Amino acid sequence: MPNLVNRLIAAEYDAVIKKSEGALICTLGGITVHQLEKLRGELAKEGVRLRMIRNSLLRRALAERGFELPADVLTGNMGIAVGSIEGTIHAARVLTSPEVKKGAKLFIKGAIFDGQLLGAKDAVALAGLPDKRTLRGQLVGCIQGPIRGVVTLLNGVPSGVVRVVAAHNDKQEGAPAAS
């Protein structure tokens, strides 16, 4: 039976995971305190919190939420980055950036994204997802394209008529007068 402190910490982790829309599970081996603080500051810009976490307590908190991770995933110093959906995508971008990979042995092991448990490969793929602003821009472009085509088509009819009339006028002005 786990002691009281472990149960309280596990309950806190469960509450943090339950509140968040997304979470990235990563290794934090070989990272210095200075690098970790810089990383936390970068993640905090999008409202993401990065915490070191004990493997057994993380396993227990995930099990209470209905997620089961393989035993080889939770080995070594582990961390969990929790936040919103947008924040999780931002965290995936930051954690897979060349600057972070160059300086530390930080690997994404899995993720919880929109209520689904993702493996390492899928969690890394989150870094390639566009953010909300980009998606909105793409949506506006999709809506605007056909409308622009219709406007161009409708604008082409009157301007075509004007060009034909202008050409007809030019032709009549240049023709010799019949007597």
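The values are calculated or read from the model by the stated rules, or taken from the named source; none is laboratory data. Small disclaimer: the values here were computed from a predicted structure and weren't measured. Because the Cβ atoms are built from the backbone with ideal geometry, glycine has one as well, and the counts that use them run over all protein chains shown. In case anyone asks, the SASA skips ligands and DNA or RNA and just uses the protein heavy atoms, side chains included. Shrake-Rupley method; radii C 1.70, N 1.55, O 1.52, S 1.80 Å.
So here's what we get for this one:
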{"read-out": "Options Val165, Val100; residue that is surrounded by 14 or more Cβ atoms within 10 Å (Cβ to Cβ) and out of contact with any strand residue (DSSP E or B) (no Cβ under 9 Å at 6 or more places or on another chain)", "value": "Val100"}
{"read-out": "Qualifying positions in region 111-135 - farther than 17 Å from Glu46 by Cβ and not in a strand (DSSP E or B)", "value": "Gly115, Gly119, Ala120, Lys121, Asp122, Val124, Ala125"}
{"read-out": "From Arg60, Arg7, residue being out of contact with any helix residue (DSSP H, G or I) (no Cβ under 6 Å at 6 or more places or on another chain), more than 28 Å from Pro130 (Cβ to Cβ), assigned to a helix (DSSP H, G or I) and open to solvent by 60 Å² or more (accessible area, probe 1.4 Å)", "value": "Arg7"}
{"read-out": "Pair list, Cβ under 7 Å, 6 or more apart: region 113-137 residue in contact (Cβ under 8 Å) with a residue 12 or more places away in the chain and more than 19 Å from Pro70 (Cβ to Cβ), other residue open to solvent by 90 Å² or more (accessible area, probe 1.4 Å) and assigned to a loop (DSSP other than H, G, I, E, B)", "value": "Asp114/Glu21"}
{"read-out": "Residues (part of a helix (DSSP H, G or I) and within 21 Å of Ala120 (Cβ to Cβ)) located in region 43-57", "value": "Leu43, Asn55, Ser56, Leu57"}
{"read-out": "Count of residues meeting criterion [open to solvent by less than 30 Å² (accessible area, probe 1.4 Å) and either touching a Gly at 6+ places or on another chain (Cβ under 6 Å) or of a type in the set (Lys, Arg) (or both)] in region 21-46", "value": "5"}
{"read-out": "Filter result for Gly149 (among the small types (Gly, Ala, Ser) and open to solvent by 50 Å² or more (accessible area, probe 1.4 Å))", "value": "no"}
